[in-house]
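J.: A single structure is presented below for examination.
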Amino acid sequence: MSYFEYRGDTLYVEGLPLDQIANQVGTPTYVYSRAALTQNFRAYADACRAHGRGESGAIVCYSVKSNSNLAVLNLLGQLGSGFDIVSGGELLRVLAAGGDPRKVIFSGVGKSEEEIKLALSHDILCFNVESIPELHRLSAIASSMGRQARVSLRVNPDVDPKTHPYISTGLKDNKFGIAFEDALETYRIAHSLPHIEVTGIDCHIGSQLLDDAPLLEALDKVIELVDQLQSMGIALHHLDIGGGIGITYDNEKPVAVADYLARLFKRIDHWRAEKYDGAPISVMFEPGRSIVGNAGVLLTRVEYLKHGATKNFAVVDAAMNDLMRPAMYEAWHGVQSVNRRDATAMSYDVVGPVCESGDWLARNRQLTLAPGDLLAIMSAGAYGMTMASNYNTRGRAAEVLVDGSRFSVIRRRENPKDLFALESIVE
Ligand SMILES: *Cc1c(COP(=O)(O)O)cnc(C)c1O
């Protein structure tokens, strides 16, 4: 169910009218629904449980980069989530939010020495390694610290996820992962390194996938490798199929998480029964967007209406620095009036105040608007605030978490002084 719905002519989040938040906190503001976050996380957790996977049989490692607010991480951690991080900074966030480092996996192509040291010192669950030089670096650092690094190799299954090229990661010519044909040799090297403990295999083929067929195809290729590794004497304890399930922005119909997981577990169970006498293998997921995307909106206020020769513009107080996705991927976000009014709609481009032609949030939308109106940019919970910048010396938006008819500010709005506090003038 959606937790963003009209009651009469007012858009609510859970039991709270969105205009109440705007009036108290100002705009632009990201608003997240605790109930929606919980529901989306439970779709994964419940499906794992329904297929006989307990605490260690399946771990959902929420992808921190999709929305890394401490309150969001804390909530998901309390629900039992692990975390997929891509930087040392994200690890420190997870720890500050009370997350369990033994449920943290570290992905990414460019892990620095400092980041590796930090992660080893917190004894994280696993490093998802993306290259041979990274293996050597990891082994050397683990050796100097007298530790073992648990490792999974991110393989590139060369499966086309049929999504936007910028968010597709599993094809041959991509910077991510280890080429499928190099995987066995890379595992052999990993296995030979003294401070590396090979524990798993992973892949992540892309984002905003509406169909699970490419994910199941990737699973089949990963399974093939696990069998080959087994015959080389390298037994894996887990396989991680990444994130990537899409959400509805407009009228997309993404596969239901429960259906995807049912198909995935069915294949895995069948395979384990056939080849390993039913010996289980732990399964991991790295979902981001499908947990937070539809759990958040960006609230913004109309500053001006500008009626041009061929177009009408609604200039709002949110901009590309707040929500980068339209400018970066030409992404489509729904736009809803927080207070619906009864008048004929006109076509508007919804644009921000930033000095770039790419600064638009939505184009050609039928809206009934007056200056001062509030708009909700829908489905903005994932890759919204985490990709925000301070371009044009604009403070980043406030963030609010709603629970029923109450809300908490979970990140205060940045003020201009925050923005240059780290700078100094040369005497
Ligand atoms: C971004 C990312 C994810 C999350 O992807 P979603 O499409 O948001 O589910 C998972 N794993 C890795 C390695 C990523 O880079």
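J.: Starting from the coordinates of the alpha-carbon atoms of the range 202-350, obtain the Kirkwood hydrodynamic radius over all distinct pairs and give the value in Å to one decimal.
T.: 19.0 Å
J.: May I ask you to give the average projected area over all directions of the convex hull of the Cα atoms of the range 34-289, in nm² rounded to one decimal? Each step should come with its number before you reach the end.
T.: Numbers: hull surface 51.2 nm².
About 12.8 nm², averaged over all directions.
J.: A further question follows. What GluC sites (Glu not before Pro) does the range 21-118 have in DSSP loop regions with at most 16 other beta carbons within 10 Å?
T.: Sparse-neighbourhood loop GluC sites (Glu not before Pro): GLU55.
J.: For the range 357-364, in order, what is each residue's ³J(HN,Hα) by Karplus, 6.51 cos²θ - 1.76 cosθ + 1.60 with θ = phi - 60°, in whole Hz (x at glycine and Pro)?
T.: 5, x, 7, 9, 10, 7, 10, 6
J.: Only helical DSSP H runs with n ≥ 4 go in: add -39500 (n - 2.57) per run for the chain, normalise by residue count and round the 222 nm mean residue ellipticity to 500 deg cm²/dmol.
T.: When only DSSP H runs of four or more count, the value is -9000 deg cm²/dmol.
J.: Gain in length, GLU356 to ARG137, computed as 0.36 nm per residue apart minus the alpha-carbon separation, to one decimal in nm?
T.: Extra length available between GLU356 and ARG137 comes to 74.7 nm.
J.: Along Cα→Cβ, 7 Å out, is where each label goes; now give me the distance between the ones at SER121 and GLU274 in nm to one decimal.
T.: It works out to 4.8 nm between the two label points.
J.: Compute for the range 4-113: radius of gyration divided by Kirkwood radius, i.e. Rg/Rh, restricted to C-alpha atoms, rounded to two decimals. Walk me through the intermediate numbers first.
T.: Details: Rg = 16.8 Å, Rh = 15.8 Å.
Radius of gyration over Kirkwood radius for the range 4-113 works out to 1.06.
J.: Still on this structure, please answer the following. Under 23 Å Cα to Cα from LYS111, which lysines show up? Leave out anything in the same chain fewer than 8 places away.
T.: LYS65, LYS103, LYS172, LYS175
J.: Let me ask something else about it. What FRET efficiency would be calculated for the residue pair ASN251, MET145, taking the C-beta separation as r and a Förster radius of 51 Å, to the nearest 0.05?
T.: 0.50
J.: If you don't mind, there's one more thing I want to ask. What is the distance, in nm, between label points placed 7 Å from the Cα along the Cα-to-Cβ direction at LYS162 and at ALA345?
T.: The answer from the label model is 2.9 nm.
J.: Return the whole-Å distance between the Cα centroid of the range 283-301 and the Cα centroid of the range 213-255.
T.: 21 Å
J.: Something else now. According to a simple spin-label model (label point 7 Å from Cα along Cα-to-Cβ), what is the distance in nm between ASP100 and GLU303?
T.: The answer from the label model is 4.7 nm.
J.: Given the chain, what percent of its DSSP beta bridges are antiparallel, to the nearest 5?
T.: In the chain, approximately 50 percent of DSSP beta bridges are antiparallel ones.
J.: Next question, about the same structure. Name the residues whose placed amide hydrogens come within less than 5 Å of the amide hydrogen of TYR348, ignoring near sequence neighbours (fewer than 5 apart) on the same chain.
T.: ASN364, ARG365, GLN366, LEU367
J.: Also, I was wondering about something else. For the chain, what Kirkwood radius comes out of the mean inverse Cα-Cα distance, in Å?
T.: Kirkwood radius, the chain: 22.8 Å.
J.: Still on this model: Expressed as a rounded percentage, what relative contact order does the chain have, with Cα pairs under 8 Å and six or more residues apart?
T.: Relative contact order for the chain comes out at 19 percent.
No lab work stands behind these numbers, since they all come straight from the coordinates. Because the structure is predicted, anything quoted here is derived from the model rather than measured. Neighbour counts are summed over all protein chains in view; Cβ atoms, including those assigned to glycine, are modelled from backbone coordinates with ideal geometry.
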